[in-house]
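Asker: The structure that follows is given in the form of structure tokens.
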Amino acid sequence: MAKHSMFINGEWVDSVSGETFQDKNPADGTLFAEVPKANLEDADRALEAAFNARSVWANTDPGERARVLYKASALLLERQKEFADVLIGEGGAMFGKAMFETGYVADLLHTAGEDCRRILGETFPSSHGKIGMTIYRPLGTVVAISPWNFPLLLSCNKVSYALAAGNTVILKPASETPVIGLKIAELFEAAGLPAGVLNVITGPGGLLGDKLIEDPRSDLISFTGETLTGRKIGAKAGENLKKFTLELGGKDPMIILADADVDYAVNAAAFGAFMHQGQICMSVERIIVAESIVEEFAGKLAAKAKTLTVGDPTQPTTIIGPLINDDQIETVHAHVQDAAAKGAAILSGGKYEGRFYEPTVLSGVTRDMRIFKEETFGPVAPIIAVKDEKEALEVANDTEYGLSSGVITNDLQKAVFLAENLESGMVHINDSSLYDDPYCPFGGCKSSGIGREGGRRSMEEMSELKWITIHKGDRQFPF
Ligand code: NDP
């Protein structure tokens, strides 16, 4: 078991109070690490450090910022296994997910490096004797608050682009996965980031969050997590007239139309619903299938679910690792039992041992069931039968969420109809809802969030757009 320190103003420090909290391995409940429990004084230290480092980083040449991000990317690849072990040990990631996440983040850091030089303003035609232009300036300090499910990726989505845009950063990782946040600080320290530009504090989100949002030394709150938490953060940020972006929960639909290749659809659905035990905001949480193929599809998906290895996440052959905590086990099981009690058939799974929930396929799911409405965040594939693409659209949109969607059909007209009308921030044709790319605009509508992350959109969200004019000669004033 390792004891860790936090990273404030370029130094590794304990919390002011000396208090710590325990970070446990979700697979077996053993102690993974002990980390500092930051309080308001620690948050204040981080805010001060980030505030004081602003001008250094804002005035650092974009090429130099890019070099730091490229170096961090290269170092992450060199240390990939070490980072993957943390994702497995504290986050319950299976080996394949941990290797994917670390590789993806290396690419993300590199992409953010490339974007340092690509934040382009506009010029405007001469009007009233002026030349006009826009430039992007750093906002100041970005507060990044991230969840536990893809903790390296979702933290670095924010940290990488906040740095690329010339901001200083305070990262508050989830208390289920604090060590990976501290590893991000190690990476940037080794990459040569100046002191104070990135600060990482670990501790309770409610307490630290309020302080970080309310304090005048922070300029943008970039949050990923539950919708309920996002509502509180949005309200608090609004009260303080502070900019914020929210990446929140989902109940993502995957629509499979009658012409689909059933075997392909089964593979896409299994990946979309079961990857990382379904604990992804873009996980497939409702599979909406044309009634002419629903029986074949459900049978094949259940058969596939039964072949997936559940167990020790360190083993490369494992597909289904542990859920993050007992609360999640309770929620997932309550959703499955509620569906069964209201008439759904459990075609596979429906049981658990410790934190390990079997990949579960439910058919005959209806709209009155909790599993239709509430985010489950577990390895469950609920199947709903529909007549055609019009009913599929109506069922898919019957949710408060709107993050991502998948559509499987070879009918171009129907695919376009669904892509245009699905109420979600992202639609992936010929795939499940589970897809991301560092350069593309990621984000949702309805209760799934406000704002977009990725590439140019992150650079814009994390910058201040400024309009500048230059008057040619003397302006004629009316009095
Ligand atoms: P939470 O909302 O519980 O926590 C997320 C982060 O917010 C944690 O760091 C937490 O700290 C912190 N936090 C908690 N309360 C507050 C508060 N009042 N003010 C400020 N910060 C606070 O989410 P989970 O960690 O449980 O993550 C799972 C959720 O995230 C799911 O709903 C999932 O759909 C969503 N998600 C959305 C994504 C998207 O891009 N749309 C991507 C991935 C996940 P602490 O841990 O200390 O409580």
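The values are calculated or read from the model by the stated rules, or taken from the named source; none is laboratory data. Treat the numbers as computed from the prediction; the structure is a model and nothing was measured. Cβ coordinates were reconstructed from backbone atoms using ideal geometry, including for glycine residues, and neighbour counts include every protein chain displayed. Ligands, DNA and RNA are stripped out before the accessible areas are found, and what is left, the full protein with its side chains, is counted by its heavy atoms. Shrake-Rupley method; radii C 1.70, N 1.55, O 1.52, S 1.80 Å.
Asker: Compute the angle between helix 95-115 and the longest alpha-carbon principal axis of the chain, please, reported from 0 to 90 degrees and rounded to the nearest 10.
Answerer: It is inclined by approximately 30 degrees.
Asker: Taking region 252-429 as the region of interest, what is the percent of Cα-Cα pairs per 5 angstrom bin, listed from the shortest bin to the one with the maximum distance?
Answerer: Pair shares across the bins are 1, 9, 19, 23, 21, 14, 8, 3, 1, 0.
Asker: Follow-up question, since we're still on this one. Note down the magnitude of the dipole of the chain about its Cα centre, charges +1 on Lys and Arg C-beta and -1 on Asp and Glu C-beta and zero elsewhere, to the nearest 20 debye.
Answerer: Dipole about the Cα centre, nearest 20: 1220 debye.
Asker: Next up: Could you compute the net charge surrounding TYR439? Neighbours are other residues with a C-beta less than 13 Å from the C-beta of TYR439; K and R count +1, D and E count -1.
Answerer: Value of the local net charge: -2.
Asker: Report, in deg cm²/dmol and to the nearest 500, the calculated mean residue ellipticity at 222 nm for the chain, where each DSSP H run with n ≥ 4 adds -39500 (n - 2.57) and the sum is divided by the residue count.
Answerer: Per the formula, -12500 deg cm²/dmol.
Asker: Another question, then. Put TYR357, TYR439 in order of accessible area, largest first, 1.4 Å probe: what do you get?
Answerer: Per-residue accessible area, sorted high to low, gives TYR439, TYR357.
Asker: Angle, helix 294-307 long axis vs. longest principal axis of the chain, Cα atoms, 0 to 90°, nearest 10?
Answerer: Helix 294-307 and the main axis of the chain meet at about 80 degrees.
Asker: Round to the nearest 0.05 the FRET efficiency obtained for ASP44 and TRP467 when R0 = 30 Å and r is the Cβ-Cβ distance.
Answerer: My answer for the efficiency is 0.30.
Asker: Between region 372-414 and region 187-265, how far is it from one alpha carbon centroid to the other, in angstrom?
Answerer: A separation of 25 Å, based on Cα centres.
Asker: Looking at region 252-429, send over the antiparallel percent of its DSSP beta bridges, to the nearest 5.
Answerer: Expressed as a percentage, antiparallel bridges in region 252-429 total about 20.
Asker: Separate question: Which one of ALA305, PHE377, SER405 is farthest out on the positive end of the charge dipole of region 252-429, using unit charges on Cβ (Lys, Arg +1; Asp, Glu -1) and the Cα centre as origin?
Answerer: Most positive-ward Cα: ALA305.
Asker: Hey, another quick one. Can you give me the angle between helix 412-421 and the longest principal axis of the chain, using Cα atoms only, in degrees from 0 to 90, rounded to the nearest 10?
Answerer: 60 degrees
Asker: For TRP12, TRP467, TRP57, write out the residues from largest to smallest accessible area, computed with a 1.4 angstrom probe and no ligands counted.
Answerer: My answer, sorted largest first, is TRP467, TRP12, TRP57.
Asker: Okay, moving on. Give the separation of the Cα centroids, region 286-321 to region 87-141, in Å.
Answerer: Measuring centre to centre over Cα atoms gives 35 Å.
Asker: Once the Cα gyration tensor of the chain is found, what semi-axes does its equivalent ellipsoid get, as square roots of 5 times the eigenvalues, in whole Å, sorted largest first?
Answerer: The answer is 40, 29, 19 Å, longest axis first.
Asker: May I ask for the net charge around ARG137, where only other residues with Cβ less than 9 Å from the Cβ of ARG137 are counted and Lys, Arg are +1 while Asp, Glu are -1?
Answerer: Cβ neighbours under 9 Å give a net charge of 0.
Asker: Could you calculate the FRET efficiency of LYS351 with ASP411 from 1/(1 + (r/R0)^6), where r is the beta carbon distance between them and R0 is 51 Å, rounded to 0.05?
Answerer: 0.85
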